[in-house]
Amino acid sequence: MSLAQHLGTQHKALADFVSLLEEEQGELAKSAINGETISDIARRKTQLVELIESLETKRRRGQSVLGYPHGIEGARKAAADGGCTELWDTIINLSHRARSLNEINGEQVRMRLDQTSRQIDFVNRAAGGVLYGRDGKSKIKTLGGISIKA
């Protein structure tokens with residue numbers, strides 16, 4: 001596989017990953033999160049990350065075999081020599097976009113977890129005891145001798 005073909009495959013994988021991160025961001029912005037959708041996105045993200053890592057490992061190995069120095073400068077030189085500078089620059093930009101989106105999404109998740117934790121603490125304090133655990137499940141098993149399990 002030529003460098004241009006390999007970078008094309010890498011570009012597609014990164015573009016798919018960015019698209020998935022944008023989808024995740026949209027889901028996280030909703031008032032009610034669909035757990036199944038988020039789980040599916042997480043599964044697909046894992047698959048794409050594994051593919052991207054594999055492609056990057058192959059690209060780095062090829063770069064080394066061809067005698068280019070390790071690192072970004074060696075990659076840039078290999079891309080220039082292969083006539084792929086524009087494609088390489090696009091890959092770099094997609095990588096930056098993916099990192100940024102992933103950080104934003106991670107912060108959205110942290111904020112939601114903090115909010116949920118504060119809400120559970122509030123309900124527990126208002127009730128004068130522990131009604132709900134950190135997992136969101138009721139700690140009360142009976143209500144006046146009647147089971148409250150659904």
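Points to keep in mind about this one:
- Of (1) 1.20; (2) 0.99; (3) 1.59, the label for Cα Rg over 2.2 N^0.38 Å derived from the coordinates: (3)
- Restricting segment 8-106 to trypsin sites (Lys or Arg not before Pro) that sit in a DSSP loop and have at most 13 other Cβ atoms within 10 Å of their own Cβ leaves Lys30.
- Carbon + sulfur, % of accessible area of the chain - ligands and nucleic acids excluded, 1.4 Å: 55 percent
- For the chain: lysine pairs under 28 Å (alpha-carbon distance), excluding those fewer than 8 apart on one chain: 11
- Label point 7 Å beyond Cα of Ser54 along Cβ direction - residues of segment 1-39 with amide nitrogen under 14 Å: 9-10, 13-14
- ³J(HN,Hα) computed for each position of segment 115-122 - Karplus, 6.51 cos²θ - 1.76 cosθ + 1.60, integer Hz, glycine/proline x: 4, 4, 4, 5, 5, 4, 4, 4
The values are calculated or read from the model by the stated rules, or taken from the named source; none is laboratory data. Keep in mind that this is a model prediction, so the values were computed, not measured. Positions of Cβ are generated from backbone atoms using ideal geometry, with glycine treated the same way; all protein chains shown enter the neighbour counts. These accessible areas exclude ligands, DNA and RNA; they are computed on the full protein's heavy atoms, side chains included. Shrake-Rupley method; radii C 1.70, N 1.55, O 1.52, S 1.80 Å.
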